[in-house]
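Chemist: Before we start, here is the structure in question, set down as structure tokens.
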Amino acid sequence: MAGGRRGLVAPQNTFLENIVRRSNDTNFVLGNAQIVDWPIVYSNDGFCKLSGYHRAEVMQKSSTCSFMYGELTDKETTEKVRQTFENYEMNSFEVLMYKKNRMPVWFFVKIAPIRNEQDKVVLFLCTFSDITAFKQPIEDESSKGWGKFARLTRALTSSRGVLQQLAPAVHKGESVHKHSRLAEVLQLGSDILPQYKQETPKTPPHIILHYCLFKTTWDWVILILTFYTAIMVPYNVSFKTKQNNVTWLVVDSIVDVIFLVDIVLNFHTTFVGPAGEVISDPKLIRMNYVKTWFVIDLLSCLPYDVINAFENVDEGISSLFSSLKVVRLLRLGRVARKLDHYIEYGAAVLVLLVCVFGLAAHWLACIWYSIGDYEVIDEETNSVRMDSWLYLLGETVGRPYRLNSSGRWEGGPSKDSVYITSLYFTMTSLTSIGFGNIAPNTDGEKIFAVAMMMIGSLLYATIFGNVTTIFQQMYANTNRYHEMLNSVRDFLKLYQVPKGLSERVMDYIVSTWSMTRGIDTDKVLQICPKDMRADICVHLNRKVFKEHPAFRLASDGCLRALAMEFQTIHSAPGDLIYHAGESVDSLCFVVSGSLEVIQDDEVVAILGKGDVFGDVFWKEMTLAQSCANVRALTYCDLHVIKRDELQKVLEFYSNFANHFARNLVLTYNLRKRIVFRKIVDVKREEE
């Protein structure tokens, strides 16, 4: 199902993901532009590694990084940095700062304001590049008395790899365009820095959404033309109809062109990925199409009819080219899968199966006629076989075979009558009815009739006898999914839930289904024995255990006990994980996605992959109240463990408890309320 036919298309704030994805090896922090001293709300791993501080240690400190200033930091430069923040400007500076171990380092700092949809500056993006190797050796107490060469060697060795990591650190001049300066900050090329706002996923202008009205209509046209090809190709091959009729030649040529256009469109059409996300990257779309249906589609759109129309083409080659068009029948499988997404009812599959049964009867009718046409006239004796079904049909309809003046046989029933009779015979045979008025007489006809009866019994049993079984086996999850959606829709309609909340509920259900595939994890785990269940839980929570140093010294038994208490929560954009004033009874680990922490209508922190929020239960005796709201910006996966369960494990594994308490650092503690003053309030007081 993977999120339904549309995929996961709810509006979400992907600002953090875009910054992290596009920044490559850039070291950066994000600061709130609406709070006094512009506190840091996010810092990436590169900045933490460069500065030596843990992410939790720099959160809520000033974005000017004044906590990294020291004796040799230039006062005039720091004042310019502060003026840049106060005036919401864009600028860059060379500043001498100190790491956590008080080692001095020269940084090339770039500051850029981030705006929201109201064009209001809400964040500051500050990037840091180590340029110590390009500056004069730093004179500090530890290097006093050293020679100039020794100090230079120390500076270079302390900035190993700086040449590879350093972005262009030279000023481009003040005449550079605004967006170019922004692009330079994150090495985005010609892209514009993303805004901090919630927006619907966008596609490039030349990419077509797979669920739009145009693509849906186009797929129906392709389906109809595929059935047209499946009917006409066997008929033309069996009845040896050369397309001398200009009208039919034009029609078939138009069909070929449409299939060629379909190939071009497929190179520019989004598709739903394995996790339910809509893939709109042109490169990924092209790779996916080339690996799947491109070769088959290319063979199916070659102009076989145009080649077949030439008079000087050998009859055998002509039939070969015409029969090759049957490759298009493989497209039925793809269109059939799309039908399930479009209509989402079992009737569509039933209609498809009936159509397949009719096509099988049509193909067998063409073969039945080919056998009769081959056997009715004996070329060696130049005589007519009177036991052939074609000869008997000609006598019945009053159009018998006769010799012409040149000694060749002519006449016989018309092609329309022959086709209708052939289809009638194959239908009665496939359905095991068989009235007997059309019967096989020659050996070839009897062999074919036996094979057809075997095929017919299989088709009849499969399509008509086991339709219920097919639906139960193939569409059990789909039916359960739609039953759940219908129940939720009825509930929302019965209790008149507001439209906005209804959309959030539906999006949560669709996104959760796409991630879990409708599988009840708890039910599956209950089937397994305790030891196996613990191993599965450790595997499901492996990302949390690997990323956080607090779990590194935990024994296997301790990890298994912890893993069995963890729960996975899937959150949709806009979902509130915690409300202000709500009891903080869980410790949350962010596995994917991003969230924002809001206190007094201001974003005080942005949490991403690897962050931890909640409360320090192992240090506090009372249950805390959340001082802020935690809201999902994107689709998020959170691994959550309850307070009581965590404390039980820590009490039992006392050695691990001490290590856990020392090494687990909360990125944001919801118990602590941050005291800040808004810039707007300060200006109002001054006025």
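The values are calculated or read from the model by the stated rules, or taken from the named source; none is laboratory data. Because the structure is a prediction, the values reported are computed rather than measured. All Cβ positions, even for glycine, are placed from backbone atoms using ideal geometry, and neighbour counts span all protein chains on display. Note: areas computed on protein heavy atoms with side chains; ligands, DNA, RNA excluded. Shrake-Rupley method; radii C 1.70, N 1.55, O 1.52, S 1.80 Å.
Chemist: Round to a whole angstrom and tell me the spacing of the C-alpha centers of region 663-687 and region 58-132.
Modeler: 19
Chemist: If you don't mind, another one. How much accessible surface area, in Å² rounded to 10, belongs to the heavy atoms of TYR235 with a 1.4 Å probe?
Modeler: 50
Chemist: Of LYS543/LYS609; LYS619/LYS648; LYS499/LYS642; LYS202/LYS493, which ones are farther than 21 Å apart at the Cα?
Modeler: Flagged as over cut-off: LYS499/LYS642; LYS202/LYS493.
Chemist: Here's another thing I want to ask about it. Kindly provide the chymotrypsin sites (Phe, Trp or Tyr not before Pro) of region 494-559 that DSSP labels as loop, not H, G, I, E or B, and whose Cβ sees at most 12 other Cβ atoms within 10 Å.
Modeler: Qualifying residues, ordered by number: TYR495.
Chemist: OK, next. Which aspartates and glutamates have a Cα lying under 16 Å from the Cα of LYS215, excluding residues fewer than 8 positions away in the same chain?
Modeler: ASP262, ASP340
Chemist: Compute the distance in nm between two label points, each set 7 Å from the Cα along the Cα-to-Cβ direction, one at LEU302 and one at LEU553.
Modeler: 7.0
Chemist: If you add up the charges near VAL264, with Lys and Arg at +1 and Asp and Glu at -1, over every other residue whose beta carbon is less than 15 angstrom from its beta carbon, what do you get?
Modeler: -2
Chemist: I've got another one for you. Taking amide H positions as placed in the peptide plane 1.01 Å from N, state which residues far from ASN541 in sequence (5 or more) or on other chains have amide H under 5 Å from it.
Modeler: none
Chemist: A further question follows. Mind checking the dipole of region 530-669: about its Cα centre, +1 per Lys or Arg Cβ, -1 per Asp or Glu Cβ, Debye to the nearest 20?
Modeler: 640
Chemist: Could you pull out the trypsin sites (Lys or Arg not before Pro) across region 459-560 that fall in loop regions by DSSP (anything but H, G, I, E, B) with no more than 14 other Cβ atoms inside 10 Å?
Modeler: ARG517, ARG552
Chemist: Between ASN27 and residues 5 or more places away or on another chain, which pairs have amide H atoms under 5 Å apart, with H built 1.01 Å from N, and which residues are they?
Modeler: Amide H to amide H, under 5 Å and 5 or more residues apart or across chains, ASN27 pairs with PHE128.
Chemist: Mind listing which GluC sites (Glu not before Pro) in region 12-99 are in a DSSP loop and have 14 or fewer other Cβ atoms within 10 Å?
Modeler: Passing sites in region 12-99 are GLU71, GLU89.
Chemist: Next question. Need one number: nm distance between label points at ASN87 and TYR460, each 7 Å from Cα along Cα→Cβ, rounded to one decimal.
Modeler: 9.0
Chemist: Here's a follow-up. What FRET efficiency do you get for ASN479 and ARG677 if R0 is 56 Å and r is their Cβ-Cβ distance, rounded to the nearest 0.05?
Modeler: That pair, ASN479 with ARG677, gives E of 0.45.
Chemist: All other residues with a Cβ under 14 Å from the Cβ of LEU501 taken together, and with Lys, Arg as +1 and Asp, Glu as -1, what is their net charge?
Modeler: Net charge around LEU501: +1.
Chemist: Something else about it: Work out the charge dipole of region 530-669 with +1 on the Cβ of Lys and Arg and -1 on the Cβ of Asp and Glu about the Cα centre, then indicate which of MET621, PHE652, VAL604 is farthest towards its positive end.
Modeler: Of the options given, the answer is PHE652.
Chemist: In whole Hz, with x marking every Gly and Pro, tabulate ³J(HN,Hα) for region 569-581 from phi via Karplus 6.51 cos²θ - 1.76 cosθ + 1.60, θ = phi - 60°.
Modeler: Per residue, the Karplus-derived 3J(HN,Hα) values read 10, 9, 10, 8, x, x, 5, 8, 7, 9, 9, 4, x Hz.
Chemist: According to the Cα gyration tensor, what semi-axes, each the square root of 5 times an eigenvalue, does the equivalent ellipsoid of region 415-551 have, listed from largest to smallest in whole Å?
Modeler: 56, 25, 13
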